[in-house]
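The block underneath contains the structure these notes are about, expressed in structure tokens.
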């Protein structure tokens with residue numbers, strides 16, 4: 001599939017990385033709480049953590065909930081009202097009452113510091129501007145207590161040029177067919193930025209009854225580039241693994257990079 005020339009987004013266009021109602025429902029069907037393989041990885045990495053933990057971009061609670069149920073003190077924020085609504089519903093069903101806020105990466109603020117901050121499953125790449133992303137690393141640093149840890153998962157740089165369409169379907173308990181079709185519309189190699197148009201659809205009795213268009217923008221990072229960015233902010237003891245497998249080093253086939261860094265004590 002040929003890649004279109006970079007597009008200019010008009011002022012009335014959909015907001016990138018919005019995560020609306022239908023997008024959220026499909027996300028929750030695809031990734032219910034505790035379903036992804038990073039849960040045991042984070043339970044292991046956070047075992048024995050004393051003090052509060054912040055998940056940035058908490059989504060529907062798919063990681064937050066199993067961490068809390070394991071006895072960890074976790075709270076979170078997300079910019080999507082729809083994702084937070086589902087997260088609160090999941091927590092209420094389980095009798096959990098974590099602190100959840102609506103906030104962006106660019107302006108989140110807490111009046112206490114944290115023993116650890118988590119940004120799982122490549123969420124950090126949704127910051128598609130280098131300067132904003134670098135500033136957010138500084139916000140993470142400022143919100144960690146001395147000796148506190150930052151744990152971030154990043155998609156590898158090779159994902160930047162992946163042109164394969166994303167077409168998947170799910171069936172709801174009511175019998176509706178939910179469908180996503182995602183297509184790349186822009187790849188900017190210089191800015192390391194990738195934009196897709198993701199169409200979310202609800203079909204009932206063979207008829208399309210609801211649809212949403214999500215514009216998803218990502219900025220991918222090189223491994224050494226991100227290590228240097230963390231060091232420039234002030235982090236130390238920077239290490240990186242791969243695919244949520246303890247001891248696995250990144251390689252050409254790695255699907256996700258697991259960074260950990262520490263604020264100096």
Can you tell me which of 82-92, 202-212, 248-258 comes out highest on packing, and rank the rest after it, using the mean Cβ neighbours within 10 Å? 82-92, 248-258, 202-212
Which peptide among 38-45, 173-180 comes first, and what is the full order, when sorted by highest mean count of other Cβ atoms within 10 Å? 38-45, 173-180
Mean residue ellipticity (222 nm) of the chain, computed from DSSP H runs ≥ 4 via -39,500 (n - 2.57), nearest 500: -7000 deg cm²/dmol
Considering Cα pairs under 8 angstrom that are at least six residues apart, work out the relative contact order of the stretch 156-216 and quote it in whole percent. 26
Restricting to Cα pairs below 8 Å that are 6+ residues apart, what does the relative contact order work out to for the stretch 104-231? Please round to a whole percent. 23
For the chain, give the share of DSSP beta bridges that are antiparallel, in percent and rounded to the nearest 5; count only bridges with both residues there. 75
Reviewing (1) 66, 42, 37; (2) 51, 43, 34; (3) 58, 47, 37, the figure for Cα extents along the principal axes in Å actually calculated from this model sits under (3)
Let me check against my output: what whole-number percent is the relative contact order of the chain, with C-alpha pairs under 8 Å and at least 6 apart? 20
Based on alpha-carbon centroids, what's the gap between the stretch 98-156 and the stretch 189-265 in Å, whole number please? 13
For a footprinting-style exposure proxy, rank 228, 144 by other Cβ within 10 Å, fewest first. 228, 144
First obtain the Kirkwood hydrodynamic radius of the stretch 126-265 from its Cα pairs, then insert it into the Stokes-Einstein equation at 20 °C and 1.002 mPa s, and state the resulting D in µm² per second as a whole number. 123
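Since every read-out is calculated from the coordinates, none of them should be taken as a lab result. For clarity, every value in this text was computed on a predicted model and none was experimentally measured. With ideal geometry, Cβ positions are generated from the backbone for all residues, glycine too; neighbour counts draw on all protein chains shown.
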